[in-house]
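The values are calculated or read from the model by the stated rules, or taken from the named source; none is laboratory data. Predicted model only: the values in this text are computed from it and were never measured. Here Cβ is always computed from backbone atoms with ideal geometry, including for glycine, and neighbour counts include all displayed protein chains.
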Amino acid sequence: MRVHLKTLGCRLNEAELETWALQLQAEGHHIVPENGEADLVVLNTCAVTQDAVRKSRNLIRRVHRAHPQAKLVVSGCYATLDPDAITQALGVDLVVSNADKARLIDIAKEKLDLRAMPAYSTEPGEASLFAIGRQRAFVKVQDGCRYRCTFCIVTVARGEESSRPIDEIVREVAALEAQGIQEVVLTGVHLGGWGADYGLNLEDLVRALLERTGIPRIRLGSVEPWELSDGLFELLAHSRLMPHLHLPLQSGSDAVLRRMARRCRTQEFAELAAKARAAVPDLNITTDIIVGFPGETEQEWEESLAFIEAMRFGHVHVFTYSIREGTKAATLPGQVDGAVKKARARVLHELAERHKRDTLARFVGRELPVLWEHRRESLADGRGRYAGYTSNYLKVEAWFPPGYDPSKRIGDACLTGLAESGDYLEAEWLGR
């Protein structure tokens, strides 16, 4: 069958798409692009915010209109939290909850009578990255979360923690390496909790991947700050473990953090960040911030803003708080007015953009290895402009000579200046 895969939301959703693509191809099915004719469409939905729910519903409708002849399977957090609404949606043939997501392909084959055609099988992994439009591979290493942050609906949708066995992860990364993939990103709902069910920790997994695979780049997905160990700090100095940490702070006010039931206060966060930066001078620390959490007073907002100013993150993903039924935060008093939330988000975006520009500017004049990902522009003389990322996850763009395609390769570049937009660095390829 011809199968189209699509996802919304987090890197974990993308990693799951990758797994489904590999399984489908191994069984003889073809992965097709969005504009291709599909017999089956699989959607991985998101519910982290009300906006994500809206986008998930719109995606279902849009995909059904684009592929009216295809069987439509919907999974993910929105499908798990509101299966009745999904079932009633136009064109949905099957809903698979997160609890059964690992068996999604088998369940779909059983319920929808999918046909395998081994004679037309492609090599495993040949089109999976193409299907989700990525040059790097996302590897799901665990699911679920033991913590219950009061704003988080994902812990409800994803359930209890479970880790994939270390040997299984090593085999997957080695297989990706054999396909020529240059970088893997380790993902999970609670990545720092990997291995707790085996008496291990994230440091053990990273060491195993460094020792037992030769993949050039290993990057960590989002890690809760309190999960960082001294051993992990030491490993960040390894040339193959990328010097980039995404540490979700959520608020710079301790009072708000208590209402969120977060396990890390601002002083602890600042000490961890300082320790990490001292261990790895080029480390890029990025974060998530929720604006307008219930009860957030003007004083708490100012405290939060001042702390974020002091931390100087390389990037801030700004979330405007939205009520999620089923979470404790939805029942808290003092829901913040929408206009106030919007104004605060605008201020934080401006601050975050300034810090991002400052972070990028700090590396002007440096020579760093870049994983080139995709062509951005072409000239009549054959030259191509490509975008990529440094090891510490700074976006760069550079021109390449006619006929040369650097995509999916790591090459050195001189970072020559900050782009006018402030979003990336201009670079010159050094020919190596």
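For the subset of region 332-350 comprising residues that are in contact with a strand residue (DSSP E or B) (Cβ under 8 Å, 6 or more places away or on another chain) and either among the aliphatic types (A, V, I, L, M) or outside any helix (DSSP H, G or I) (or both), which member is nearest to Y424 (Cα to Cα)?
Step by step, filter region 332-350, then rank; the result is L348.
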Completion exercise
The correct count of residues that are modelled with pLDDT of 85 or more and more than 14 Å from V95 (Cβ to Cβ) in region 35-52 is 2
Problem - Pairs with Cβ under 7 Å, 6+ apart, first in region 195-214 and touching a residue at least 12 places away in the same chain (Cβ under 8 Å), second of a type in the set (K, R) and not in a helix (DSSP H, G or I) - result: L210/R240
Problem - Selection within region 226-246 - under 15 Å from A273 (Cα atoms) and under 21 Å from the mean Cα position of the chain (by Cα) - result: W226, E227, L228, L232, L236, P243, H244, L245, H246
Handout entry: Candidates V48, V53, filtered to the one that is closer than 24 Å to T320 by Cα, surrounded by fewer than 21 Cβ atoms within 10 Å (Cβ to Cβ) and under 22 Å from the mean Cα position of the chain (by Cα)
Key = V48
Exercise for the section: Go through the residues of region 408-431 one by one and say whether even a single one is of a type in the set (K, R), under 21 Å from the mean Cα position of the chain (by Cα) and at pLDDT below 90. Expected result: yes
Fill in the blank from the handout: Here, helices (runs of 4 or more DSSP H) confined to region 177-286 with at least 2 residues that are under 21 Å from A137 (Cα atoms) and not acidic (D, E) are 202-212
Practice task
Filter region 380-407 down to the residues that are farther than 24 Å from P216 by Cα and not in a strand (DSSP E or B), then identify the one that is modelled with the lowest pLDDT.
Solution key: A380
Practice task
May I ask you to verify whether Y393 is among the hydroxyl-bearing types (S, T, Y), in contact with a strand residue (DSSP E or B) (Cβ under 9 Å, 6 or more places away or on another chain) and buried (at least 19 other Cβ atoms within 10 Å of the Cβ)?
Solution key: no
Practice task
Answer yes or no as to whether S322 is in a loop (DSSP other than H, G, I, E, B), within 25 Å of the chain's Cα centre (by Cα) and among the polar types (S, T, N, Q).
Solution key: yes
Exercise for the section: For A329, work out the one condition from (1) of a type outside the set (S, T, N, Q); (2) in a loop (DSSP other than H, G, I, E, B); (3) in the same structural domain as I153 (by TED's automatic domain parsing) it doesn't fulfil. Expected result: (2)
